[in-house]
1. Hey, what does the equivalent ellipsoid look like for region 291-393, semi-axes from the Cα gyration tensor as sqrt of 5 times each eigenvalue, largest first, whole Å?
2. Using a 1.4 angstrom probe with every protein chain in place, what is the largest-first accessible-area order of Asp410, Asp479?
3. Per residue of region 370-384, in order, report the coupling 6.51 cos²θ - 1.76 cosθ + 1.60 (Karplus, θ = phi - 60°) as ³J(HN,Hα) in whole Hz, putting x for Gly and Pro.
4. Express in Å², to the nearest 10, the accessible area of Phe53 obtained by rolling a 1.4 Å probe over the protein heavy atoms while all chains stay in place.
5. Given H placed on each backbone N at 1.01 Å, which residues far from Leu406 in sequence or on other chains put an amide H within less than 5 Å of it?
6. At 1.4 Å probe size, what's the solvent-accessible area of Glu229? Round to the nearest 10 Å².
7. Pick out, from Ala79, Ala467, Leu276, the residue whose Cα sits farthest towards the positive end of the charge dipole of the chain, with +1 on the Cβ of Lys and Arg and -1 on the Cβ of Asp and Glu.
8. Cross-chain or 8 or more residues apart, Cα under 16 Å: how many lysine pairs in region 257-396 fit that? Count them up, please.
Amino acid sequence: MTRTLVALVAAATSALVCTTATSLPVETQQPAPASKQSTSADLNGLLASTLLFSAADANKDNAITRDELKAALDRWFTASAAGGAATVTSEALIPALDAGMPMSALASAFNMGGRGGQPQTPEPQSVEAMMAALPASAPVKPVRPRKVLVLARAAGFVHSSIPLAAKTIEALGTKTGAWETTISYDAKDITADNLKQYDAVFLASTTGAFLDDPGDPTVTDARRKALLEFVRGGKGLAGIHAASDSYHSSGGPAAGRGGGGNPFAAFSAGKTLAPLMIGQGDKNGDQRLDRSEMAGLADAWFNTLDTRRSGRLTQPDFAMFALMVPKTAVPVAQDPDDQVGTWPDFNRLIGGYFKFHWLDPQQVTIKVDDPKSPLTVMFKGPQLVAHDEIYTMGAKSWSRENVHVLTSIDYGKMSAEDRALEEHPRADRDYGLSWIRREGEGRVFYEALGHSERIYAMRPILEHLLAGMQYVLGDLKADDSPSKR
């Protein structure tokens with residue numbers, strides 16, 4: 001998520017806040033899914049899925065059951081059924097839905113999934129899914145015992161997946177015996193003396209100036225120097241997702257349709273969801289819903305999203321609801337490609353900086369750019385499809401002349417509608433997802449996926465991370481020459 005969008009969320013929710021603000025057994029016979037999902041979501045879909053999840057999560061355990069979803073829809077039916085009417089129209093649903101899903105709920109929902117601050121403990125259900133997907137062994141045996149420091153401090157937007165990313169690196173090392181892991185949420189651990197005990201540093205979606213001490217430029221300079229010399233001296237650096245959303249800034253205000261205005265101004269949960277509910281829930285064609293049709297709609301939505309048949313939907317599960325919401329013709333206002341790096345050495349080290357992202361859960365097909373690499377052997381066979389917040393890199397910062405590309409977006413497989421959601425695409429339409437590169441005597445690996453917790457339950461991605469870590473540790477040899485020379 002961009003800093004502009006985060007700021008607008010904060011502004012919109014603070015202005016609105018004063019207005020009011022056990023797994024179930026899996027059924028043996030499931031009704032048909034509610035509707036075919038699209039491959040991308042716009043801002044309306046993101047907001048609708050976020051607010052609906054927050055409103056339906058009655059016990060605030062960051063998961064919803066079938067009964068919770070049905071209870072939420074039943075509440076809104078009751079609220080919209082004037083005088084105890086047996087059926088409700090789209091027009092009657094709108095105010096009930098708006099009241100039940102106030103915009104003020106976005107403040108907590110976008111701040112770490114409603115958990116506030118910077119959590120250091122991943123959700124148990126996400127850990128369970130990740131542990132089940134872990135590969136059994138490492139590609140190669142370590143040359144010697146290895147130690148990895150995971151830095152999980154974000155100075156900008158804080159992703160809910162940060163503690164899961166940290167836990168994933170720890171679990172990969174522990175299960176395969178490839179390394180030991182120390183997890184830190186404090187930039188004070190990046191010092192020349194402390195780094196001597198480690199073979200690699202992993203950046204878990206760090207954002208902003210994550211190493212800096214705003215009150216002490218001397219400390220900032222020392223930390224930056226320590227990290228650079230650590231890598232250049234022969235050690236490793238790996239980063240996931242928002243590690244590239246660090247040390248850069250926009251050269252100007254958002255441009256294009258909508259300018260820098262508030263994209264939430266025209267949003268209404270009721271106007272977005274009421275037509276969808278009538279369209280998917282109305283079984284007799286009367287353009288109304290009765291209570292049984294509303295219950296059936298809740299069942300159908302739950303079955304569509306509960307792909308693991310667990311009886312519980314986490315936020316990453318429910319985010320797929322955004323793919324059911326019809327898109328508007330106007331994308332979120334975006335900055336043009338005018339980003340500038342604020343720490344050029346790091347910008348080059350990590351391989352580039354973030355410019356734009358398609359909203360989670362955008363569907364992309366992963367293209368293997370170097371099928372001969374030991375870091376891509378797990379992608380043999382059918383092309384892998386992923387749903388995530390998909391980053392693109394600034395043209396001035398990312399180039400195949402600086403990195404060895406392992407995987408990228410198969411842009412040709414994206415629909416014209418999906419492509420159009422990016423207002424200022426790269427001229428070369430080249431969107432790397434993962435790469436490696438040399439920095440002095442050291443090695444760097446970066447993976448752009450990883451916004452959503454669902455990514456950490458994908459076996460090929462975990463195998464890719466494992467291979468990438470063994471590359472930066474110096475145990476797995478691979479061609480890391482620039483892809484374009």
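1. The three semi-axes for region 291-393 are 35, 22, 12 Å.
2. Values: Asp410 25, Asp479 85 Å².
Descending accessible area places them as Asp479, Asp410.
3. 10, x, 8, 6, x, 8, 10, 4, 6, 9, 5, x, x, 5, 8
4. Here the accessible area works out near 10 Å².
5. Residues meeting the criterion, in which the H sits 1.01 Å from N, are Ser434, Trp435, Ile436.
6. In the full protein context, Glu229 sits at about 110 Å².
7. Of the listed residues, the answer is Ala467.
8. Details: Lys271/Lys327; Lys355/Lys396; Lys367/Lys380; Lys372/Lys380.
Lysine pairs meeting both conditions in region 257-396 amount to 4.
The values are calculated or read from the model by the stated rules, or taken from the named source; none is laboratory data. Note that this is a predicted model, so its numbers are computed, not measured. Using ideal geometry, Cβ is built from the backbone for each residue, glycine included, and neighbour counts are taken over all protein chains shown. Each accessible area value is taken on the protein alone, full model and side chains, heavy atoms only, with ligands, DNA and RNA left out. Shrake-Rupley method; radii C 1.70, N 1.55, O 1.52, S 1.80 Å.
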